[in-house]
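Just below is one structure, and these are the notes that go with it.
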Amino acid sequence: MDQLKPIQIQAAGHTGSQVPLSDPSNTIFVKPTSPNELQFYQRVAQDALTSERQDDKQYNYSELYTIMPEFYGTLSLGDSTGQVTKETTIPANSPTYIVLENFLKGVANPTVLDLKLGTVLADPTTQSASKIARLAQVAAATTSGTLGLRIAGMQVHHSVENDADSHEVFDKHFGRELVGLNGIIEGLNRAFPIVTKTNNGRGDDIAIDHALAVCNFIVGELRYIIQVLGECPLRMFSASILIIFEADPKVFFDALERSQNSHNNDGDNDDSDDDDEEDDEEDSKPLVVRLVDFAHSRFTPDQGPDTSVLLGINTALMAFQRLIDQYSKI
Ligand SMILES: Nc1ncnc2c1ncn2[C@@H]1O[C@H](COP(=O)(O)OP(=O)(O)O)[C@@H](O)[C@H]1O
Ligand SMILES: [Mg+2]
């Protein structure tokens, strides 16, 4: 655990002493957490384990777990080496970190998008008056207020110009300047830089195929997320859609094929687990769409779904559908 380092690619969120960490193999994502976020993960992960049991009358949030990172537990980094604990409550004055599935695992050239959800970004029942007022201003001045969606940040991998790794960083100010649905579409278009470059001798067709495959996958995932959240009674403030995809077209299609092959083989050799390890390396999908950041989310079993968040996901769905239209015509 002494090998935890600041995560290499981060689209938005805390930096400095609050920066998320990961292990060298990108298996775990570790971030400082609040009691509220920890309890949120614990409840959903617990519901997922007991989804079959209908003996209590509590609402079961197990479906929600399918659109979140996997929850592995908590970690205390109180001393210099770090210490794994099984504690389920946060001791006073000790920063506790939440340990989650890391979506960068196995993605060689990740492009990462963080899209902030909702028209209301602070919880009126739990957050300070000054925070509520400040975030109401941010919402009113940006696409958050009208469309329930704002590009919170993007790190876009460029592989065309040179072979060295380079990421173009779009910080929170980028997304705050964008106006309307067209602004969001133009903003998201920047995540696919090689599509619009022509005559660069690198095979533009594969770049367009790649962008179309990525956008089509995202649209499918967003539809599924809308379906799940449409039945989930909760309130989320400043949660995000996190999108991570392999940005190099060739690497992307190779990885996709491998993951599909290993998926197809799954049923055939249920009995043999000889090459599990190899599968583990190879069957990781080169793209993922999930909800993250539940610092200000809570369960509201009697209040129905979060319409302000659903509005934002529908906006994202429309934006990616428009990109598909655009890229289909190139
Ligand atoms: N499970 C994850 N795997 C990989 N990267 C992640 C994961 N969760 C979040 N991130 C990255 O960290 C950033 C901040 O995450 P978030 O949970 O929103 O933290 P914060 O509370 O600091 O806003 C995201 O924009 C994303 O780039
Ligand atoms: Mg965040």
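Odds and ends about this structure:
- If the chain linking Tyr59 and Ser34 were pulled fully straight, counting 0.36 nm for each residue of separation and taking away their Cα-Cα distance, it would gain 6.7 nm.
- The phi torsions of the range 133-144, fed into the Karplus equation with coefficients 6.51, -1.76 and 1.60 and a -60° offset, translate into couplings of 5, 5, 6, 5, 5, 4, 4, 5, 8, 9, 5, 4 Hz, rounded to whole numbers, with Gly and Pro shown as x.
- Projected label distance in nm at Lys250 and Asn182, using a 7 Å step from Cα toward the beta-carbon: 3.9 nm
- The distance between label points at Asp23 and Arg190 comes to 3.5 nm (points 7 Å beyond Cα on the Cα→Cβ vector).
- Per the Debye formula on identical point scatterers at the alpha carbon atoms of the range 211-267, with no solvent, log10 I(q)/I(0) at q = 0.12, 0.18, 0.26 Å⁻¹ is -0.44, -0.82, -1.09.
- In terms of accessible area, using a 1.4 Å probe and ignoring ligands and nucleic acids, Phe294, Phe174 rank largest first as Phe174, Phe294.
The values are calculated or read from the model by the stated rules, or taken from the named source; none is laboratory data. Fair warning: this is a prediction, and the values are worked out from it, not measured in the lab. All Cβ positions, even for glycine, are placed from backbone atoms using ideal geometry, and neighbour counts span all protein chains on display. The area values use the complete protein model at the heavy-atom level, side chains included, leaving out ligands, DNA and RNA. Shrake-Rupley method; radii C 1.70, N 1.55, O 1.52, S 1.80 Å.
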